[in-house]
Amino acid sequence: MSSSDPATQDRSVHVRTLAFLWIVYGAVRLALAALLILYSGTATVMFGALLNRVPDPFTLMSVFHLLYIGTIVLSVVCGILGLLAGLALLSGEQSGRKLALVAAFLSLSDLPLGTTLGIYTLVLLLGPPAAQSR
């Protein structure tokens with residue numbers, strides 16, 4: 001395809017839009033991680049209040065802390081990957097596609113924004129090879 005082909009120009013517009021969306025998503029996920037850390041005490045107290053009738057509350061509290069830390073780590077990783085993918089896609093680097101695909105896969109569990117952006121990324125970057133410009 002030539003660079004004046006409308007399909008090529010249309011795809012580049014989509015990739016540029018995708019890059020901006022990944023940058024915004026990365027910033028949102030990093031802000032979410034900061035809020036999760038900031039309110040970890042409140043979340044612990046709220047979850048602990050639910051454990052007054054459970055036979056072994058200490059095990060459940062340990063599981064809660066493990067899942068909470070996992071959520072924070074996933075949020076930080078998705079935020080950093082989202083920012084890096086967006087910047088790499090904007091600059092046109094080869095690593096941008098790979099970073100965006102990894103970020104898309106990891107963000108699929110984040111409803112609704114991460115799922116939407118992840119599916120859009122997977123459809124755009126893993127679409128038919130004939131529609132992709134090389």
(message) So in region 69-125, with the set limited to residues that are closer than 22 Å to Ile37 by Cα and among the polar types (S, T, N, Q), which one is surrounded by the fewest Cβ atoms within 10 Å (Cβ to Cβ)?
(response) Ser109
(request) Would you point out which residue out of Pro55, Pro128 is exposed (fewer than 15 other Cβ atoms within 10 Å of the Cβ), closer than 17 Å to His14 by Cα and either without any contact (Cβ under 8 Å) to a residue 40 or more places away in the chain or basic (Lys, Arg) (or both)? (result) Pro128
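From the list Arg29, Arg11, Arg16, which one is basic (Lys, Arg), under 15 Å from Ile80 (Cβ atoms), touching a residue at least 60 places away in the same chain (Cβ under 8 Å) and part of a helix (DSSP H, G or I)?
Checking each option against the conditions leaves just Arg29.
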(request) State which residue pairs qualify: first residue under 10 Å from Tyr68 (Cβ atoms) and inside region 32-43, second residue assigned to a helix (DSSP H, G or I) in any location, beta carbons under 6 Å apart, and separation of 6 or more residues or different chains. (result) Leu36/Ile72
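Residues checked against (1) in contact with a Gly (Cβ under 6 Å, 6 or more places away or on another chain); (2) at pLDDT below 95; (3) within 15 Å of Phe20 (Cα to Cα):
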{"residue": "Ala49", "(1), (2), (3)": "no, yes, no"}
{"residue": "Gly70", "(1), (2), (3)": "no, no, no"}
{"residue": "Leu74", "(1), (2), (3)": "no, no, no"}
{"residue": "Leu83", "(1), (2), (3)": "yes, no, yes"}
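The values are calculated or read from the model by the stated rules, or taken from the named source; none is laboratory data. Fair warning: this is a prediction, and the values are worked out from it, not measured in the lab. Please note: Cβ atoms are built from the backbone with ideal geometry, for glycine as well, and neighbour counts cover all protein chains shown.
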